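Enquirer: For reference, the structure I am asking about is given below.
The values are calculated or read from the model by the stated rules, or taken from the named source; none is laboratory data. Small disclaimer: the values here were computed from a predicted structure and weren't measured. Here the Cβ is made from the backbone with ideal geometry for all residues, glycine too, and neighbour counts use every protein chain on show. Side chains included, ligands, DNA and RNA excluded: accessible areas come from the protein's heavy atoms. Shrake-Rupley method; radii C 1.70, N 1.55, O 1.52, S 1.80 Å.
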Amino acid sequence: MLAAEGGGQGGMWAAIEHNPTFIVANLVVSAVVVTIIIERTAFQLSRYRVNSKEFFAAIKKLVAAGNVDRAIKLCDGNDYPILQLVKAGLTHASKGADEIDAALSEKLSELKPQAEKRIGALWSLANIATLIGLIGTVFGLINTFAALAAQGLSQADKQRMLSNGIAEAMYNTAFGLGIAVICMIAHVLLHTRAKNIQHDLESTTERVFNLLTISSKSSY
């Protein structure tokens, strides 16, 4: 949107040129937000693309047939978290239930935080962007009214300055709120996905533990 009055240039770029501090600050915040969203989305989609149920079914067949070493080699094929978790249990398959449980719990406690890493920062960034926008709005209005108090201004000049000042203030608010909305939407989506991943890891831990402890008992 462009607003030209009395030869003045309006719009967001005019607001940036006139008082860039708060809009530039929110541009930095938006860059951080976009980086986190892209990095977390790529991490979740690439690192957790293994179907845990299908993979566990393959592991279960190998363990049932006594091919634990082959099952471990299957886990060594990639460094996906699900494979690392299963491997942690398999490498202790010949030991007692307590040691199997300890190995799985240790690996699970290592993997779970990775699924939700940096996602919580999006909520804080939403608040920061909103506050920066509001501060920019307040400062924009203060500067506008201070300028209007100057002597010798025509009515047309005052109207132009008031219009540009309010536009600058509203752009700050709108930009901050826009970033906040994006942060909140991304947080909901990524956080929900992270919780599903963590639940999947916990379920896999239980399956592996039950498989190995039952297999060890039946081998006696």
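Enquirer: What are the DSSP H helices in the chain that stretch 20 Å or more along their long axis, judged by alpha-carbon atoms, and whose average Kyte-Doolittle hydropathy comes to at least 0.0? If you can, show how the numbers build up before the last one.
Expert: On the way: long enough: 21-47 (39 Å, 1.43); 97-115 (27 Å, -0.47); 121-148 (40 Å, 1.70); 155-218 (94 Å, 0.09).
Span-like helices here: 21-47, 121-148, 155-218.
Enquirer: Moving on. In whole Å, what three semi-axes, largest first, describe the equivalent ellipsoid of segment 47-150 built from its Cα gyration tensor (square root of 5 times each eigenvalue)? Write out the running numbers ahead of the final one.
Expert: Details: eigenvalues 639, 37, 13 Å².
Values for segment 47-150, descending: 57, 14, 8 Å.
Enquirer: Moving on. Considering only protein heavy atoms and a probe of 1.4 Å, how much of the accessible area of the chain is carbon and sulfur, as a whole percent?
Expert: Values: 7760 of 12470 Å².
The value for the chain is 62 percent carbon and sulfur by accessible area.
Enquirer: Note down, for the chain, the three equivalent ellipsoid semi-axes (square root of 5 times each alpha carbon gyration tensor eigenvalue), biggest first, whole angstrom. Mind dumping the intermediate values first?
Expert: Details: eigenvalues 757, 36, 20 Å².
That gives 62, 13, 10 Å for the three semi-axes.
Enquirer: In the Gaussian network model of the chain, springs joining C-alpha atoms below 10 Å, which of ASP157, ASP200, ASP101 carries the largest mean-square fluctuation?
Expert: In this elastic network of the chain, the residue with the biggest mean-square fluctuation among ASP157, ASP200, ASP101 is ASP157.
Enquirer: What pairs in LYS87/LYS112; LYS60/LYS87; LYS60/LYS112 have C-alpha atoms more than 18 Å from each other?
Expert: Result: LYS60/LYS112 exceed 18 Å.
Enquirer: Which of the peptides 66-78, 107-119, 159-171 is most tightly packed, and how do the rest follow, judged by the mean count of other Cβ atoms within 10 Å per residue? Walk me through the numbers before you get to the answer.
Expert: Working: 66-78: 14.4, 107-119: 16.4, 159-171: 19.6.
Highest-to-lowest ranking by the protection proxy: 159-171, 107-119, 66-78.
Enquirer: Report, ordered by chain and residue number, the aspartates and glutamates lying within cross-link reach of LYS195, taken as a straight Cα distance under 16 Å and ignoring same-chain residues fewer than 8 apart.
Expert: GLU110, GLU116
Enquirer: Starting from the Cα of PHE43, step 7 Å along the direction of its Cβ; do the same at LYS158; then give the gap between the two resulting points in nm.
Expert: 5.6
Enquirer: Just grab the label-to-label distance for ASN127 and VAL28, each label 7 Å out from Cα along the Cβ direction, in nm (one decimal).
Expert: Result for the modelled spin labels: 2.0 nm.
Enquirer: Something else about it: Can you tell me, using C-alpha contacts under 8 Å and at least 6 residues apart, the relative contact order of the chain as a whole percent? It would help to have the intermediate numbers written out before the result.
Expert: On the way: 219 pairs, mean separation 69.4, N = 220.
Across the chain, relative contact order equals 32 percent.
Enquirer: For the chain, modelled as a Gaussian network with Cα springs under 10 Å, which listed residue fluctuates most, SER203, SER154, SER52?
Expert: Maximum among the listed residues: SER154.
Enquirer: Moving on. Cβ neighbours within 10 Å, averaged per peptide: list 25-35, 180-190 in order, most packed at the top. Please report the intermediate quantities before stating the final value.
Expert: On the way: 25-35: 16.3, 180-190: 18.4.
Final packing ranking: 180-190, 25-35.
Enquirer: What value, in deg cm²/dmol to 500, does the helix sum -39500 (n - 2.57) over DSSP H runs of n ≥ 4 give at 222 nm once divided by the residues of the chain? List each step's numbers first, then the result.
Expert: On the way: 8 runs with 176 residues, N = 220.
Mean residue ellipticity at 222 nm (helix-derived): -28000 deg cm²/dmol.
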